[in-house]
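Data first, discussion second: the structure below is written as structure tokens.
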Amino acid sequence: MGLSYQPLYIATAGAYANQRKLEVISNNLANASTHGYKRDIVAFEGLIEPASPITPINPKLYFDLHNEQVSQRMVLFDETYTDFSQGALIETGNTLDIAISGDGFFAVQTEDGIKFTRAGNFTLSPDGYIITPQGYKLLGKKGEPIRIPFEEWAPQDIVITPDGGVFLGVRHGEERKSIFIDQIGVYSIPEGLARKVGENLFDVDDISYVQDSENFEVLQGFLESSNVNPINEMVSLIEVQRAYEANTRVITSVDSTLSTSIRDLGRV
């Protein structure tokens, strides 16, 4: 009588799936306090026959256990999705804390080119550029870094309007006026094109698809928090840990049973 490895394959696939989920949930929890972070969700197509008409493309994992060509029997596909829903907007009162309410991303200049972010916790560099905590320069609508010309004016305040306009309050004697500096670029990225390249940075393979956003409001003195719900993630973490432990118990049990069967066959 032949031995069936099918339960072992299924349990191993389940363990892999739950391990992947644990990694994603753990990363979400680690970034629960990261400004502008967007939670990830991992989804699996499951175990399918290659001949199935619904076989997805881009297989992520093939199992090849006990020298059997398991890839001819079952394939596990997974896909990680990013939840781009808006996080809570928290008032800070800081002049260069800015949040986008609605659709859009800020653009910043990094050493690897232009990236996009929803994190608006900016500061001023010593030479007057508006920068991220990593030193990336915030870009204006024309694609150039925004710089406050401190050497030309005595700034009293920086004002950012809901449409992204950056104004500098200056005083000449008793006279106070607002000087237009630049317009913050706020960009819309079509669904499915933004790719994570860091905790709260996104890249786009073809930047020609990026357009000016038309449905947004820039809020000065606010920050967007991550859209991670720590309680929900903790509940999911516990559930997935239990499922993973169940998978490993099945693997151990099946492996023990198969080993016993093989020994018994050897005595015949």
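Since every read-out is calculated from the coordinates, none of them should be taken as a lab result. From a predicted model like this one, the values you see are computed outputs, not experimental measurements. Ideal geometry is used to build each Cβ from the backbone, glycine not excepted, and the neighbour counts take in all protein chains shown.
Listed by chain and number, the lysines placed with their C-alpha closer than 17 angstrom to that of residue 141 are 115; residues fewer than eight positions away on the same chain are left out. Between residue 214 and residue 197, the simple label model (points 7 Å from Cα in the Cβ direction) yields a spacing of 2.8 nm. Annotation: amide H-H contacts under 5 Å for residue 197 (H modelled 1.01 Å from N, sequence separation of 5 or more, or interchain): 202, 203.
Note on residue 144 and residue 235: the extension gain reaches 28.3 nm, defined as 0.36 nm multiplied by sequence separation minus the Cα-Cα distance. Residues of segment 217-252 falling in the label zone of residue 167, defined by backbone nitrogen less than 20 Å from a point 7 Å along Cα to beta-carbon, are 217-222.
Principal axis extents of the C-alpha atoms in segment 89-224 (largest first, rounded to whole Å): 53, 28, 25.
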